[in-house]
Amino acid sequence: GGNAGGTSDGPKALDELVVGFSQVGAESGWRTANTTDIQAAFKDAGIELKFSDAQQKQENQIKAIRSYIQQQVDIIAFSPVVESGWDAVLNEAKAAGIPVVLTDRAVDSADDSLYVSFLGSDFVEEGKKAGDWVVEEYSGSDDDVKIAQLEGTTGAAPAIDRAEGFADVIGADDKFEIVASQTGDFTRAGGKQVTEALLKSNPDIDLIYAHNDDMGLGAIEAIEAAGLTPGEDIKIVTVDAVKDGMQALADGKINFIVECSPLLGAQLVDIVKQINDGETPEKRIITEETTFTQEQAVEALPDRQY
Ligand code: GYE
């Protein structure tokens, strides 16, 4: 172990390779699909994957990574729950000669030699796509548009970047106002709770921008419980496009979804193979994604795998 990456030992046979993966948690439909896809891809490739679920806690991820270092796995991959605070443990991996791959989320370390490659979406771009739809949807009127934002996990790359991209786009027209912005921690329960409180403090909101489908689905429950019609009385824009989200979009309860693909398994296996072969994978690999309107969701749903 600990000698992947083109050392004099040369590549290992795939069935001798051991990869340690530290997952964020099981907070959303996206995360569950991501875990299933990664585990299936490693199984198909015949590469052993040690897997641990950090339950959305950074300390658990750091423990898992330290344990992988101790076990001298060949490669460590992880999806960092928040952006900051990784330098110490990543330096430990580096000192042990174990290459690290970031999947899905970024770290904010200044030293980019602490990881080999970062595979995942462009979250700023996703936020911009959500903002573009909002601008287009309200282009016919000068009336104020009151927006509430359901943020993802505080300090997580997708929460920071999706807020930034969205604010950039809607900021160009001051008829748009974000009247409330709170974290729902990327969970359905969180989205529901925040929306319940929101409907009391800001009953006149026009639109909810949720950083993921699950929080949007929680918002739908709260809106319906308040006797309002989601998608009409209050419009909803989300990110992910998992099956439950797509169903709500097709049903008219969500108005627009920006896709974020959780299917990172095959590309992660490719990166692992390249490292094992002594090659240098690309430093940044961006996932390809689209967007869905209600009509497009009706069409895409029958073939949606997750
Ligand atoms: O959008 C959300 C999940 O990091 C892209 O995490 C991922 C996000 C995803 O909980 O549903």
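Read-outs: derived from the displayed coordinates by stated rules, not from any lab. The structure displayed is predicted, hence computed values, not measured ones. Glycine gets a Cβ as well: all are built from the backbone with ideal geometry, and neighbour counts include every protein chain shown.
Quick notes on this one:
- Of all residues in the range 144-163, those that are hydroxyl-bearing (S, T, Y) have Cβ atoms under 7 Å from Cβ atoms of residues that are part of a helix (DSSP H, G or I) and more than 8 Å from the ligand (Cβ to nearest atom), 6 or more apart or on another chain, in T153/A159.
- Test: residue in the range 86-100 that is under 30 Å from I47 (Cα atoms), aromatic (F, W, Y) and not in a loop (DSSP other than H, G, I, E, B): no
- Per-region count, the range 36-50, residues buried (at least 20 other Cβ atoms within 10 Å of the Cβ) and either within 11 Å of the ligand (Cβ to nearest atom) or not in a helix (DSSP H, G or I) (or both): 2
- Taken over the range 14-63, the criterion of being touching a Lys or Arg at 6+ places or on another chain (Cβ under 9 Å) and of a type in the set (A, V, I, L, M, F, W, C) is satisfied by L14, L17, V18, V19, F21, V24, A33, A45, I47, L49, A54.
- Tabulated pairs, the range 14-30, first among the aliphatic types (A, V, I, L, M), second near the ligand (Cβ under 8 Å from one of its atoms), C-beta under 9 angstrom, 6+ apart or interchain: V24/R31; V24/N34; V24/S79; V24/D104; V24/R105; V24/T153; V24/A156; V24/F186
- Residue match in the range 131-139 (condition: buried (at least 17 other Cβ atoms within 10 Å of the Cβ), within 15 Å of the chain's Cα centre (by Cα) and not hydrophobic (A, V, I, L, M, F, W, C)): no
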